[in-house]
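Notes to accompany the following structure.
What follows draws every value from the coordinates through simple rules; no lab data is involved. The structure presented is a predicted model; accordingly, all values stated were derived computationally and were not measured. In this analysis, Cβ positions are derived from the backbone assuming ideal geometry, glycine residues included, and neighbour counts consider all displayed protein chains.
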Amino acid sequence: MGEILSANRIEGVVRKDVPERVISRLPIYLQTVETIAATGQETVSSEDLAARSGVSPSILRKDLSQLGRSGTRGVGYSCPELAATLRTFLGLDRDRSVAIIGAGRLGSALADYAGFRRRGLRLTAIFDIDEEKIGTAIGTLTVSSLDELITWPEHIDLVVMAVPAAAAPAAAHTAVEAGVRGILNFSPTVLDAPDTVRVHQVDLASELQVLAYYSALDTAPLNPGFEEHRN
């Protein structure tokens, strides 16, 4: 097997130069290659892997070169080796513990998401501040008071924020105090977090607005005058 590279270090050098757009595509490659490997297929060509991942072969090859991976001409990539490299590079070579803050409709729906375990993410706790929700069960987990997060007996790596906007800043502050290193924020507000904590914002309305733009663009008639001016 070729060298497997870590998410933070390659040959002892801390990697902070991988573009975010590349990082965002790596989980797609991982899911795709693991799906292929599950069928018993041992190798995959860059063309096939790219097509199934929704990118061009040149982009895929360039992205994987960031991991020190290149396919074998006429053979392609080894599915087990590439999956192992991607998992290690993404920091999924060990379980990452995840907690959800917010036991409302969104938090409850996310708690039922079966993909956490398949992706190397282990949902370990659900927190809320609502006394009526604390102590109730969601799946196999019992909703705990958010105050318990700071002294939670198991370290929590990542938090999913599924609370109203007004409650998000205080909840994020508690998560930071607890040593959480990453927050996936579904709350419609921008969180103020230290540089040591990575925050990813998921704004469903904004995403739908972007889709609306492209939908309108696909159906809009061409403007000959604009095209002529642009050329």
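Observations on the structure shown:
- In order through segment 45-59: 3J(HN,Hα) via Karplus (6.51 cos²θ - 1.76 cosθ + 1.60), integer Hz, x for Gly, Pro: 6, 5, 5, 5, 5, 5, 4, 6, 9, x, 10, 7, x, 5, 5
- Segment 96-193: C-alpha pair distances exceeding 23 Å, %: 14 percent
- Where a label projected 7 Å from the Cα of L141 along Cα→Cβ would reach, residues of segment 158-194 with amide N under 11 Å: 158-162
- Overall Cα dimensions of segment 27-134 - principal axes, largest extent first, Å: 61, 26, 24
- Placing pseudo-labels 7 Å out from each Cα toward the beta carbon at S24 and E177 gives an inter-label distance of 3.3 nm.
- Estimated D of segment 15-59 in µm² per second, where Rh is the Kirkwood radius over Cα pairs and Stokes-Einstein applies at 10 °C, 1.306 mPa s: 141 µm²/s
- Under the simplified labelling scheme, the S65-T39 pair shows an inter-label distance of 2.8 nm, with each label point 7 Å from Cα along Cα→Cβ.
- Ranked packing of 178-190, 128-140, most packed first, by mean Cβ within 10 Å: 178-190, 128-140
- Gyration tensor analysis over the Cα atoms of segment 99-149 returns equivalent ellipsoid semi-axes of 19, 11, 8 Å (largest first, whole Å).
- Gain upon complete extension [L211, D48; 0.36 nm per residue less C-alpha separation]: 56.0 nm
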